[in-house]
1. For L261, what charge total do you get from the other residues with a beta carbon under 9 Å from its beta carbon, if Lys and Arg give +1 and Asp and Glu give -1?
2. What are the residues whose amide H is under 5 Å from the amide H of M266, where those residues sit 5 or more places off or on another chain and H is modelled from the backbone?
3. Please list, ordered by chain and number, the residues whose modelled amide H lies under 5 Å from the amide H of T39; skip anything fewer than 5 residues away on the same chain.
4. In nm, give the distance between the simple-model label positions of D127 and E244, each being 7 Å from the Cα along the Cα-to-Cβ direction.
5. Within 10 Å, Cβ to Cβ, of E173, how many net charges do the neighbouring residues add up to if Lys/Arg are +1 and Asp/Glu are -1?
6. Kindly express, to the nearest 10 degrees and within the range 0 to 90, the angle between helix 189-203's C-alpha long axis and the longest C-alpha principal axis of the chain.
7. Magnitude of the Cβ-charge dipole of the chain, K/R +1 and D/E -1, about the Cα centre, nearest 20 debye?
8. Could you tell me how many cubic angstrom of Cα convex hull volume segment 159-281 has per residue?
Amino acid sequence: MILNKKTIILVLIFFLLNNFSYSKINLQIIMKINDQIVTSYDLEKESNYLLALNPKLKEIDENDLFQLAKRSITKEMIRKSEILKYKELNLKNAQIGNILNNIIQNLNFSDLYQLENYLNDFNISIDDIKEKIAIENEWKNLIYARYSKSIKINKNDLRDKIEKMNKEEFSLEYNLSEIVFNKEQNISLEEYTKKILESIEINGFENTANLYSITDSSKAGGKIGWIKKNNLSLEINREIENLEINSYSSPIKIGNNYLILKVNNMKKVTIEFDKEKELDKMIVSETSKQLDKFSNIFYNRIKLNSTISEF
C-alpha cells in the first residue's frame, strides 16, 4: 500500500502529538538539586535499581519506595557533584569489577552474564551499575583524603584482643545486617526509634534498612556480612550475644548515631591465624568504621549548602 503525502503528514502529526502527551505525563520534573534536574523517569530508574539490589522492596508501600528513591538519588547527585570538582569518574577502575562480583554473589548469580540478563528486566545496564559503583568508590577516596589524618586507632588495644583470641580454641562469627540512624529534628528520639521498630515488624529488617539507614550498606538491605565476635566492641557484644538467628538488637548508641543489628547467622570457627595479618584486618575494619562516621558528617555538611527544590 502506498501512502499519499497528506496521509504521511497526518500520521507524523499524530505520532508527535502522542509522544508529546506521553512525555508530559511521564517526564515530569520532580526535583532540582543545585543545577541538576531530576525527572520522574530518573526516579523510576532509581527505584528499579534499588529493587534490583533488594527485591524485597516490592513488599513496601509505593510511596515509601518513591521517597526512598528520592533520598537515594539526592545523595548520589550531591556526592557526584562534589567528586567532579576534583576528578572525572573512571568506569574502568579495577575496583569496580570486584564490587560487581560481590553484587553477583549477593544476588546468587554465577557470572556477569546472568547479572546483565537480570538487570535488563529492570531497564538497567551494567554501565549504569558501574557508574554508581564508581561514585561510591570515588566518594570513599575523597573521604579518606580529607579525614585519614583524623583516624585514631589504638594498636595496643587491638593486639590485646588478638592475644585473647589466641588463647581460645574457637571463635564465634556473626553474619550481620545493620540499620544506622540518627535523630531527626522534628521528632523525638523515642518516637523515631518506635517508627523504625514498627517498620521492621511490618516491612522486614532489610526493607527498613533501605528506608531509614544512613550508611551505604542500606542499598543492600543493611547487609555487612561475617564479622568475628572479637572485632566487635564490648557494648555491641553485650547486645547481641544472647540474640537468636534472625532476631535483632535494641538500638545501640554509637557516637552521634544509633545502631540496630540483626543476626542473620552465626558459626564457631577454629582459630588459626597470623597475628600480624589479623592486626591488619582489625585496623582496616576500625578505619572503615571511622571513615563511615566522617562520610556522614561531610555529606550532611555539603547537603546543607546545596539547593534542593521539589516540584
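1. Spelling it out: positives minus negatives among the neighbours equals -1.
2. N175
3. When sequence neighbours closer than 5 places are left aside, the close amide H contacts are I30.
4. Label-label distance for D127 and E244, simple model: 5.1 nm.
5. Working: positive: K228, K229, K267, K268; negative: none.
Net of charged neighbours comes to +4.
6. Rounded to the nearest ten degrees, it is 70.
7. On the way: 45 positive and 45 negative charges, 191 e Å.
Using Cβ point charges on Lys, Arg, Asp and Glu, the chain gives about 920 debye.
8. Values: hull volume 14.2 nm³, N = 123.
Normalising the Cα hull of segment 159-281 by residue number yields 115 Å³.
Just so you know, all these numbers are worked out from the coordinates, no wet-lab data involved. Predicted model, so just to flag it, every value in this text is computed and none were measured. Every residue, glycine as well, gets a Cβ built from its backbone with ideal geometry; the counts of neighbours run over all protein chains shown.
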